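Peer 1: The structure follows.
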Amino acid sequence: MAKHKEIVMSGIRPTGFLHLGNYFGAIRNYIKMQEDFECYFMVADWHSLTTHPDTKELRGNVERVLAENIACGLDPDKAAFFCQSHVHETAELYLYLNMLAYKGELEKTVTFKDKVRQHPENVNAGLLTYPVLQAADIILHRAQYVPVGKDQEQHLEMARNFANRFNHRYGEVFPEPVAYNYNAELVKVPSLDGKGKMSKSENQMATLYLADEDDMIRKKVAKAKTDGGPTEMNSIKPDYIENIFALMKLVCTEDVIAKYEADYNNCTIRYGDLKKQLGEDMVKFIAPVREKINTILPDKNYLKQVMEQGAEKANKSAGETMKLVREAMGLKYF
Ligand code: TRP
């Protein structure tokens, strides 16, 4: 990786089964960025311990995240694609940053408050310092750009604060990391039931997963919410119909979209046909990705090699930063 490139870092929680929203919202950004930047993409397995202390499913989930992202086009030869737990210096930096993070600001974090509400029985210190670990992930590579969605903006702001506090106290080591997305690419992928976005936790029948079989895709699309169709020419589309057109824009050709737009406007639209077409185009889009996932997943040797290669790149970058950190802090006694 050429040294002059700007540095990008992002983390992916290994919660398994990526969906169309992840693809168009995040993965597509990573794939573009790996061409233009020095990229560090990390599977956040330590972070998942804050809410899922049981590690039985962790290995499988980590392997799935690797396979799914690679199937989508993330290239381990271009980016460093690695596991958080393979970069031990993350823990060292996390420890130093913990001394610069205040209990009050951590308690005010929106994601922390949400998790306290959801799991009052497991409010552990790791959960409280989740943003500190995330900051360590990012600044360990002295990254400038972090491709993340809106929900991570507060964490990123905290990372900037911790980096600045370190720089002021011990000397300039870290750049300020900022959110980065190719503007137009931050597409919202609506769910099929007309309620909100596709998501891992909400209605699974309204979300298209990259691992879904063809018939499942067809079935989900066929169930998408529609109505009897417009009765007045050129009427405004209700939200759930707008959503279906938004989904078509992701996978259908312009001709197909234009035809159904016209049919809608002159009240001849047949939603059954539209959904059949959309279902087939979704299958065409998802099937090759799913097939790639299914060839990568059982190939444990390949996955091991990906992780080793990623760990090597990440550890090299981490080692360089931590040398500067220890020197700046005066933690070098001989
Ligand atoms: N907290 C992020 C999420 O929930 C995952 C994450 C961990 C991350 N470390 C990161 C994101 C570093 C960006 C940079 O999605």
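The values are calculated or read from the model by the stated rules, or taken from the named source; none is laboratory data. If you're wondering where the values come from, they're calculated on a predicted model, not measured in any experiment. Note: ideal-geometry Cβ built from the backbone for every residue, glycine included; neighbour counts use all protein chains shown. Ligands, DNA and RNA are excluded from the accessible area calculation, which covers all protein heavy atoms including side chains. Shrake-Rupley method; radii C 1.70, N 1.55, O 1.52, S 1.80 Å.
Peer 1: What is the count of Lys pairs in segment 1-148 whose alpha carbons sit under 29 Å apart, if the two are 8 or more places apart or on different chains?
Peer 2: 9
Peer 1: Round to a whole number: what % of the accessible area of segment 222-334 belongs to carbon and sulfur, probe 1.4 Å?
Peer 2: Carbon and sulfur atoms account for 53 percent of the accessible area of segment 222-334.
Peer 1: Placing unit charges on C-beta atoms (Lys and Arg positive, Asp and Glu negative, everything else neutral), compute the dipole magnitude of the chain about its Cα centre in debye, rounded to 20. Please list the in-between numbers first.
Peer 2: Numbers: 44 positive and 47 negative charges, 107 e Å.
About 520 debye.
Peer 1: Protein chains only, probe 1.4 Å: how do Glu107, Glu68 rank by accessible area, largest first?
Peer 2: If we order Glu107, Glu68 from most to least accessible, we get Glu107, Glu68.
Peer 1: Another one. In square angstrom, rounded to the nearest 10, how much accessible surface does Thr268 have for a 1.4 Å probe?
Peer 2: Rounded to the nearest 10, that gives 80 Å².
Peer 1: Please give the peptides 323-333, 195-205, 116-126 ranked by average Cβ packing (other Cβ atoms within 10 Å per residue), highest first, as a rough proxy for protection.
Peer 2: Top of the packing list down: 195-205, 323-333, 116-126.
Peer 1: Hey, another quick one. May I ask you to evaluate 6.51 cos²θ - 1.76 cosθ + 1.60, the Karplus curve with θ = phi - 60°, for each residue of segment 31-44 and list the ³J(HN,Hα) values in order in whole Hz, giving x for glycine and proline?
Peer 2: 5, 6, 5, 4, 7, 9, 10, 7, 10, 10, 10, 10, 8, 7
Peer 1: Considering only protein heavy atoms, what per residue accessible area in square angstrom results for the chain with a 1.4 angstrom probe?
Peer 2: 50
Peer 1: Still on this structure, please answer the following. Select from Met205, Met248, Val189 the residue farthest towards the positive end of the dipole of segment 175-263; place +1 on Cβ of Lys and Arg, -1 on Cβ of Asp and Glu, and compute about the Cα centre.
Peer 2: The residue sitting most towards the positive pole is Met205.
Peer 1: Go through Asn301, Ile269, Asn315 and say which Cα lies farthest out towards the positive end of the charge dipole of segment 258-334; charges sit on Cβ, +1 for Lys and Arg, -1 for Asp and Glu.
Peer 2: Positive-most Cα among the choices belongs to Asn315.
Peer 1: To the nearest 20 Debye, how big is the dipole of segment 204-294 about its Cα centre, given +1 on the beta carbon of each Lys and Arg and -1 on that of each Asp and Glu?
Peer 2: In total the dipole reaches around 240 debye.
Peer 1: Continuing with the same structure: Would you mind pulling out the separation of the Cα centroids of segment 62-96 and segment 104-128, in Å?
Peer 2: That distance is 25 Å.
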